[in-house]
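Peer 1: Would you mind keeping the following structure in view while I ask a few things?
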Amino acid sequence: AGCVTRVELSVSCWSLLERDLCSKSDPLCVLLQDVGGGQWAELDRTERIKNCQNPEFCKKLVVDYYFEKVQKLKFGVYDIDNKSFDLHDDDYLGGVECTLGQVVSSSVFTRPLELKQGKPAGKGTITISAEEIKDTRVVCLEIEAQSLDKKDFLGKSDPFFEFYKQSDAGTWHLVYRSEVVKNNLNPCWRKFSVPLQTLCGGDFNKPIKVQCADHDSDGSHDLIGTFETDLAQLQGAADGSPVEFECIHPEKKQKKKSYKHSGIFRVKSFKIETEYSFLDYIMGGCQINFTVGVDFTGSNGDPRSPDSLHYISPDGTNEYLIAIWSVGSVVQDYDTDKLFPAFGFGAQVPPSWQVSHEFALNFNPSNPYCQGIQGIVDAYRQILPQLRLYGPTNFSPIINHVARFAAHSAQQGTASQYFILLIITDGEITDLDQTRQAIVDASKLPMSIIIVGVGEADFKAMEFLDGDDGVLKSLTGEPAARDIVQFVPFRQFKTAPREALSQVVLAEVPKQLVSYYKWQGWPPVKPP
């Protein structure tokens, strides 16, 4: 809670390199933060804009600003030619490294883009401006249009619209761009929301410019018409009676005396809602329940052998213990009772030596709770010599176990409990299909799953479960309601400071918690 303020960054670029043979680049900007040890963690990314050398990105990058920390940032611009989330297979158009302090302290921060230190990316530049987010309200709007001008020779127009806000200096800045409705002069666009602060700085009388254009795939969009309004006027649609505006094309209006307009814009609905932050929920009384699942399958190797992943080195650690400590030490601050259930899976357990995929590390199934993170560590050390590592590697029983608790909590209908399951594994998963189903089911519950992969295995299955390359689906094709899995390979953090692992592993949790309660429409138990 040392976070001083949230900051919204607007990004635009000029004169980007052309990497596509027959067309302009399709740029996207990603924001990374230095987490120490040469590791960078992604904080946010903009949308991709097709065929554009001078993009003005509509999606704002949001970052928490800590006055007392030097926050090293990297802005990277990529030409995106595929659907994958991963940027390693996309052309790099240049980037810039700076600190958040530098951006916040300059009203407009412009720098040349570099391909690497000292090597400029052609004439390309990037401009970043920051604005503090003080107002947490969002404006929800529904818009349609009628009788728009026909701009295409063969078909009708492909209209989209943009909202601009006016800066104190009088210049216009893009705040929202709609989707394109193909071949339609009477389009109805999907409902959208814009933070009140982004739209007009919270000032209901500040001018807003709306521009409607016909989309062309080569990036040369034709203006259909434009009009100016403000939030006070738009608010007229709040009581269910639409507000209408004439869309005017300035050149046509000058040329033709008989010109009326280029179409009618109709605001069908208008609503102001409050967006709550992670801290609003935590300070409002939400408890985070932390559960650990440890992989005791045979592929880890005999714990007595120094090349085993469960071998405890002379300094008393191994990768399993480091992962439990680094993630647990952050999460335990958000849990009042500090009692954490801890389970193992994939071993033969005494006295019957049956294989179990869900046994309590303290051998007490009716009370699997360990006192604090140290309690989990102690239980792990005690149980290790008593197990026979076996198989197969099944994740679904332990996911379903935590999901039962999350489902019980969700029945209360309040934002009072959220569950985090940390699975530490060497990655050789057996029940992939059952695990997919378990994750899809869990995505409708107040829970997140963190998977830390130890050892040198190929973690393709874990990356698939992470769902960053698209929505994870169950075997029957049911998509996850939201992305709840974060996978991190431990080997990337071997030389990094301890806190680097927990920062990357826990980076998604605040967003996942907020997305669940927003989806349910539940405010904090004690709203701010």
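Peer 1: Need the full-extension length gain, residue 15 to residue 191, defined as separation in residues times 0.36 nm minus the C-alpha distance. One decimal, nm. It would help to have the intermediate numbers written out before the result.
Peer 2: Values: separation 176, 0.36 × 176 = 63.36 nm, distance 3.32 nm.
Between residue 15 and residue 191, full extension yields an extra 60.0 nm.
Peer 1: Counting only protein heavy atoms and a 1.4 Å probe, tell me what percentage of the chain's accessible area is made up of carbon and sulfur. The partial results should precede the final answer.
Peer 2: Working: 12660 of 24800 Å².
Result for the chain: 51 percent of the exposed heavy-atom area is carbon or sulfur.
Peer 1: Around residue 33, under 13 Å between beta carbons, what's the net of Lys plus Arg minus Asp minus Glu among the other residues?
Peer 2: On the way: positive: 45, 69, 72, 74; negative: 34, 42, 44, 64, 97, 499.
Every neighbour counted, the sum reads -2.
Peer 1: Please compute the length gained on full extension between residue 243 and residue 305, using 0.36 nm multiplied by the number of residues separating them and subtracting their Cα-Cα distance. Mind showing how you got there, number by number?
Peer 2: Working: separation 62, 0.36 × 62 = 22.32 nm, distance 7.41 nm.
Here the segment from residue 243 to residue 305 would lengthen by 14.9 nm.
Peer 1: Another question, then. Report, in debye and to the nearest 20, how large the dipole of region 137-274 comes out about its Cα centre when Lys and Arg carry +1 and Asp and Glu carry -1 on their Cβ. Write out the running numbers ahead of the final one.
Peer 2: On the way: 20 positive and 20 negative charges, 68 e Å.
Around 320 debye, computed over region 137-274.
Peer 1: For residue 87 and residue 54 in one chain, what is 0.36 nm times their gap in residues minus the Cα-Cα distance, to one decimal in nm? Could the numbers behind the result be given before it?
Peer 2: Details: separation 33, 0.36 × 33 = 11.88 nm, distance 2.03 nm.
Length gained, residue 87 through residue 54: 9.9 nm.
Peer 1: Scan region 247-309 for trypsin sites (Lys or Arg not before Pro) in coil per DSSP, keeping those whose Cβ has at most 16 other Cβ atoms within 10 Å, and list them by number. Before the final figure, lay out the partial values.
Peer 2: On the way: sites: 252, 253, 255, 256, 257, 260, 266, 268, 271, 304; in loops: 256, 257, 260, 304.
Those that pass, being in a loop and sparsely packed, are 256, 257, 260, 304.
Peer 1: Count the net charge of all other residues whose Cβ sits under 12 Å from the Cβ of residue 120, scoring Lys and Arg as +1 and Asp and Glu as -1.
Peer 2: Values: positive: 111, 116, 119, 123; negative: 114.
Summing Lys and Arg as +1 and Asp and Glu as -1 gives +3.
Peer 1: What is the list of residues in region 148-188 whose amide nitrogen lies under 11 Å from a point 7 angstrom out from the Cα of residue 216, following Cα to Cβ?
Peer 2: Under cut-off, by backbone N: 152-153.
Peer 1: Then there is this: Could you state the angle between the C-alpha long axis of helix 396-410 and the longest principal axis of the C-alpha atoms of the chain, as a value from 0 to 90 degrees rounded to the nearest 10?
Peer 2: 60 degrees
Peer 1: Find, among the chymotrypsin sites (Phe, Trp or Tyr not before Pro) in region 318-369, those assigned to loop by DSSP (not H, G, I, E, B) with at most 12 other beta-carbon atoms within 10 angstrom.
Peer 2: Numbers: sites: 320, 325, 334, 343, 345, 353, 359, 363, 369; in loops: 353, 363.
Those satisfying the criteria are 353.
Peer 1: Here's something else I'd like to know. Could you compute the net charge surrounding residue 345? Neighbours are other residues with a C-beta less than 15 Å from the C-beta of residue 345; K and R count +1, D and E count -1.
Peer 2: Working: positive: 388; negative: 295, 358, 426, 428, 431.
After counting each charged neighbour, the total is -4.
Peer 1: Per residue, how much accessible surface does region 330-439 expose to a 1.4 Å probe? Answer in Å², no decimals. Before the final figure, lay out the partial values.
Peer 2: On the way: 4730 Å² over 110 residues.
Accessible surface, normalised per residue, equals 43 Å².
Peer 1: On C-alpha positions alone, give me the angle between the axis of helix 319-331 and the longest principal axis of the chain, in degrees, nearest 10.
Peer 2: It is inclined by approximately 50 degrees.
Peer 1: Can you give me the long-range amide H partners of residue 60? Hydrogens built in the peptide plane at 1.01 Å from N, cutoff under 5 Å, separation of 5 or more residues or another chain.
Peer 2: Answer set, sorted by chain and number: none.
Peer 1: Moving on. Between 0 and 90 degrees, rounded to the nearest ten: what's the tilt of helix 372-383 against the longest Cα principal axis of the chain?
Peer 2: Approximately 40 degrees, to the nearest ten.
Peer 1: Show 452, 514 ordered by accessible area, largest first, where the area counts protein heavy atoms only and the probe is 1.4 Å. It would help to have the intermediate numbers written out before the result.
Peer 2: Values: 452 0, 514 30 Å².
The ranking, largest first, comes out as 514, 452.
Peer 1: Can you pull out the trypsin sites (Lys or Arg not before Pro) in region 114-173 whose DSSP state is coil and whose Cβ has at most 15 other Cβ atoms within 10 Å?
Peer 2: 134, 150
Peer 1: Write down the accessible area per residue of region 1-88 in Å², having rolled a 1.4 Å probe over the full set of protein chains. Numbers along the way, then the final one.
Peer 2: On the way: 4310 Å² over 88 residues.
Here the residues of region 1-88 average 49 Å² of exposed surface.
Peer 1: Hey, got the dipole for region 5-133? About the Cα centre, +1 on K and R Cβ, -1 on D and E Cβ, debye to the nearest 20?
Peer 2: 260 debye
Peer 1: Would you calculate, for the chain, the mean residue ellipticity at 222 nm contributed by helices, counting each DSSP H stretch of 4 or more residues as -39,500 (n - 2.57) and dividing by all residues, to the nearest 500?
Peer 2: Working: 12 runs with 106 residues, N = 528.
It comes out at -5500 deg cm²/dmol, rounded to the nearest 500.
The values are calculated or read from the model by the stated rules, or taken from the named source; none is laboratory data. Computed from a prediction, not measured in an experiment: that's the story for all the values here. Quick reminder, even Gly has a Cβ in these numbers, built from the backbone with ideal geometry, and neighbours come from all protein chains shown. We work out accessible area using only protein heavy atoms, side chains counted, and drop any ligands, DNA or RNA first. Shrake-Rupley method; radii C 1.70, N 1.55, O 1.52, S 1.80 Å.
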